[in-house]
Amino acid sequence: MAGVLRMSSLFVRTLREDPADAEVASHKLLVRGGYVRRVAPGIYTWLPLGLRVLRKVERVVREEMDASGAQEVLFPALLPREPYEATNRWSEYGPTLFKLADRKGNDMLLAPTHEEMFTLLVKDLYSSYKDLPLTLYQIQTKYRDEARPRAGVIRGREFVMKDAYSFDMDEAGLDASYNTMRAAYQRIFERLGLPYAIVSAMSGAMGGSRSEEFLFPTAIGEDTFVRSVGGYAANTEAVTTPLLPEQDFSDVPAPELVDTPGAKTIADLVEMANQVHPRSDRPWNAADTLKSVIVTLTHPDGEKEVVVIALPGDREVDMKRVEASLAPAEVELAAPEDMEKYPGIVPGYTGPGAVGPQARGGAVADNSGDGADGAGDGATVPVARLLLDPHVARGSRWIAGGNAVDKHIFNLVYGRDFEADGTIEAAEVRAGDEAPDGSGPLDIARGIEIGHIFQLGRKYAEALGLTVLDENGKTRVVTMGSYGVGVSRVLAAIAEQYHDEKGLVWPVGVAPAQVHILATGKDDAVFSAAEDLATQLTAAGIEVLFDDRRKVSAGVKFADYELLGMPYAVVVGRGLANGTVEVRTRGTGESEDVAVADAASRVQEILAAAQAGE
Ligand code: ATP
Ligand code: MG
C-alpha cells in the first residue's frame, strides 16, 4: 500500500450534508466521507477510501482464518439451480433468493451462501477419512434480496461475507472444528476493536445443533439479545420459555359466553369483566385475557395459510420471534381478505372455539354464516391452526374471544375446554424474565449480528451424498459446520463504534491511512515541508493521506480531516516559521507541537505505542 494518497487527486468528494435516506451514523458518515456510493437500495459501490478499509478488514479475517488452519478458495457467485434444488433451498430460501435464467432458459441463482457448493467440491475431490478434518473458506460477494435493506452496507442486498465450512467424521471432530472457528472469531473481533457478545442462536431452516451468533452491541441493532448474571446469553429469537406447571382448575366454573359490548381494548375488557362478571377470588387482569394474533404465513411453495397465535393479553407479540419460529415460511399480520377465507375468524373476537382442534372437530361456534361451501366428502370449511405461546399453562383460566362481535367467553380452561395445534414462542421477552436455565433474571440489549457459527451436522452431506470411507472401509456421511462473518457489515459496525459528531475515527488497524498530513496556508515552504514529511513517513512504511490542495481553506481541510477519520494528523502551517508542526490525535483531540525535524519519528513513536496498546 505504498504511495501517498493525495487529496488533490484522490477520487473522493466529501459532503457536508447527510444523505436523505440515512438514519444511522455509520451510513451517514461513510457516504459523506466518500467511502461508499449508493447504486440502488442495498447496493453500494466502494470508492478508494472505502475499499482500503474493506481490504484491511478482509486481511484481518484472512490472517485469522489462515492461522486457524482453514484454506482459502473462491467460488463463483453465479450458480446453477440443481444443487440448491437437492437441498430444497431453491424454494425454502424464499423470495430472498436472487433467481435468474441463462439464455437457454436454465435456472440460475446468485448465491446467498455456499453450503451446497462446498459440500459438492469436497465430495468431488475427497473420499477417505484420511482426508479429514478439513476447513475451507472464502471471502466473497453474496446476494440476498432482503425485504428491508437498511443502514447502508449493514444490511445490503449485495455484501461481502467470509464463509467457512468444516468437514469431520464425527461429533467430536465437529466440536473441535467449531471451537477452533469460535476462537478465531474472538481474535478477529478483538483485533478489529469491535466489542461483541456471543449468544445462542436459532439454527434456522436447515438447522443443526449448536449455533451461536457474535453480536456487536449497539442501540441501532436489529437483533435483540438477553443475558443473565449467571452467564446465559441468547438472541431473543432463541429464548425458550420454561414449561409452566399445570394449574389446578377444579374450582373453575364452566365456560360462559358473556356480552361485552364496546370492549375493544384489553383494558376495556378487563374493566368490563370486573363489572359484569367478576371472579370470586380476585379481580380479573390483563394477564387473564387470551389475546389472539392472526397472521398469514406464506410457505416456500407460495401457499398461504392463516394461523391464530394466542398469548396472555399482558404480553406483546414479538414478530421476530414468531418469524424465527415459523421459518422458512414468511409471516405477516393477516389482511382482512386472508381472514375472510376462514369463517371461524372474527377479527377482534377470535377465540379457541372457532379455530384449532375444537373447531375442526365440528364444534364450530355458530357464527360462520351458512354451509355454502358444500359438504362433499372431505370438503370442509377451512379452520385455522391455533398455536399457543408457552406462557399459557395447562389448566389456566381465561377470558377469550367469543367468536362473535361484542362477545367473550369467560372461564375457558386450557386442557379442559380447548386444545391447541401446537406451541409457539411468540411473546416478547421482557427484562426481568427468568433465564430458561434458571441462571437469574434477564437483561435486554440490542445488537448487530457480525458473525454466526453453527453446526450443520449431516443435513447437507446427506442431501448431496458427501460420504467418505472410514478406517474399516465403511461408508460414512460427513458432518459439517458453517461459519460466517459479514465483512462489509463489520466495516460499518466499526464506523458505528468509532465516530464522533464530526466524523469517523478509524482504529489504526483498519484506517485507510494512519496519518493525515494537512498543509495549510499559501506558503510554498509549508507545502514542501509537508511533502518531505509525507515522503519520510511513507519510507517508514506508514500510510499517508496528504491534503496537498492549494487554494483550499484550512477550515475545509480540518473539516475533511475530521470527517474522514484518519487516527493521526500532522498540521504543517503557521508554526513552521518557528520550526514546528502540530501532531494531532483524532480520537482524543490532543495535540502537541513538535519540531519539524522530529515530526516523523514522533509520529512513528505514537503509532508504535498505539499498536502495542491495541
Ligand atoms: P441476518 O439475521 O442479519 O439477516 P443471517 O443470520 O441471515 O443475518 P447468516 O446467513 O448467518 O446471516 O450470514 C453470516 C453473516 O453475514 C451474518 O452474521 C452477517 O454478519 C452477514 N450478513 C447477513 N446478511 C447480510 C446482509 N444482508 N448484509 C450484510 N451482511 C449480512
Ligand atoms: Mg445468522
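The values are calculated or read from the model by the stated rules, or taken from the named source; none is laboratory data. Since the structure is predicted, the reported quantities are computational estimates derived from the model, not experimental observations. Ideal geometry is used to build each Cβ from the backbone, glycine not excepted, and the neighbour counts take in all protein chains shown. Quick note on the areas: whole protein, heavy atoms, side chains included, nothing else; ligands and nucleic acids left out. Shrake-Rupley method; radii C 1.70, N 1.55, O 1.52, S 1.80 Å.
Would you be able to say whether some residue in the range 462-469 is in a strand (DSSP E or B) and open to solvent by 20 Å² or more (accessible area, probe 1.4 Å)?
Within the range 462-469, the subset in a strand (DSSP E or B) is 467-469.
Keeping just the survivors that are open to solvent by 20 Å² or more (accessible area, probe 1.4 Å) gives 467, 469.
Yes, that holds for at least one residue.
Check whether at least one residue in the range 547-557 is touching a residue at least 40 places away in the same chain (Cβ under 8 Å), open to solvent by 20 Å² or more (accessible area, probe 1.4 Å) and polar (S, T, N, Q), and report yes or no.
no
Residues Leu442, Leu412, Leu386: which one is under 26 Å from the mean Cα position of the chain (by Cα), buried (at least 22 other Cβ atoms within 10 Å of the Cβ) and either of a type in the set (Asp, Glu) or part of a strand (DSSP E or B) (or both)?
Working: Leu412 fails: under 26 Å from the mean Cα position of the chain (by Cα); Leu386 fails: under 26 Å from the mean Cα position of the chain (by Cα).
Going through Leu442, Leu412, Leu386 in turn, the sole match is Leu442.
Only one of Ser26, Ser68 is open to solvent by less than 40 Å² (accessible area, probe 1.4 Å) and in contact with a His (Cβ under 9 Å, 6 or more places away or on another chain); which? Before you say what the answer is, go through the steps one by one.
Details: Ser68 fails: in contact with a His (Cβ under 9 Å, 6 or more places away or on another chain).
Going through Ser26, Ser68 in turn, just one is open to solvent by less than 40 Å² (accessible area, probe 1.4 Å) and in contact with a His (Cβ under 9 Å, 6 or more places away or on another chain): Ser26.
Considering each of Gly473, Gly465 in turn, give the residue that is small (Gly, Ala, Ser), more than 16 Å from ligand 1 (Cβ to nearest atom), in contact with a helix residue (DSSP H, G or I) (Cβ under 9 Å, 6 or more places away or on another chain) and over 24 Å from Glu212 (Cβ atoms).
Values: Gly473 fails: in contact with a helix residue (DSSP H, G or I) (Cβ under 9 Å, 6 or more places away or on another chain).
Going through Gly473, Gly465 in turn, the sole match is Gly465.
What about Ala540, is it in contact (Cβ under 8 Å) with a residue 40 or more places away in the chain, under 45 Å from the mean Cα position of the chain (by Cα) and open to solvent by less than 10 Å² (accessible area, probe 1.4 Å)?
Values: in contact (Cβ under 8 Å) with a residue 40 or more places away in the chain: yes; under 45 Å from the mean Cα position of the chain (by Cα): yes; open to solvent by less than 10 Å² (accessible area, probe 1.4 Å): no.
No.
Just need a number here: residues in the range 311-326 that are within 15 Å of Leu387 (Cα to Cα) and within 22 Å of the chain's Cα centre (by Cα).
9
Which of the residues belonging to the range 483-505 are touching a helix residue (DSSP H, G or I) at 6+ places or on another chain (Cβ under 7 Å), within 15 Å of ligand 1 (Cβ to nearest atom) and in a strand (DSSP E or B)? Reasoning before the result, please.
Here is the first cut: in the range 483-505, the ones touching a helix residue (DSSP H, G or I) at 6+ places or on another chain (Cβ under 7 Å) are 483, 485, 487-492, 495-496, 499, 502-504.
Remaining after also requiring within 15 Å of ligand 1 (Cβ to nearest atom): 483, 485, 487-492, 495-496.
Of everything in the range 483-505, those that are touching a helix residue (DSSP H, G or I) at 6+ places or on another chain (Cβ under 7 Å), within 15 Å of ligand 1 (Cβ to nearest atom) and in a strand (DSSP E or B) turn out to be Tyr483, Val485.
Would you check which residues across the range 93-113 are more than 13 Å from ligand 1 (Cβ to nearest atom) and surrounded by 18 or more Cβ atoms within 10 Å (Cβ to Cβ) and list them? Walk me through how you get there before you give the answer.
To start, the set of residues in the range 93-113 that are more than 13 Å from ligand 1 (Cβ to nearest atom) comprises 95, 99-109.
Leu109, the sole residue that qualifies.
Residues in the range 487-508: is at least one among the small types (Gly, Ala, Ser), on the phi > 0 side of the Ramachandran plot and either in contact with a strand residue (DSSP E or B) (Cβ under 8 Å, 6 or more places away or on another chain) or away from ligand 2 (no atom under 16 Å from the Cβ) (or both)? Outline the logic, then answer.
At the first step, the residues of the range 487-508 found to be among the small types (Gly, Ala, Ser) are 488, 492-493, 495, 503.
Retained after the next criterion (residues that are on the phi > 0 side of the Ramachandran plot): 503.
In the following step, the residues that additionally are either in contact with a strand residue (DSSP E or B) (Cβ under 8 Å, 6 or more places away or on another chain) or away from ligand 2 (no atom under 16 Å from the Cβ) (or both) were identified as 503.
Yes.
Would you pick out the residues in the range 348-362 that are touching a residue at least 12 places away in the same chain (Cβ under 8 Å) and not in a helix (DSSP H, G or I)?
Just the residues of the range 348-362 that are touching a residue at least 12 places away in the same chain (Cβ under 8 Å), to begin with: 348-360.
Selection gives Gly348, Tyr349, Thr350, Gly351, Val355.
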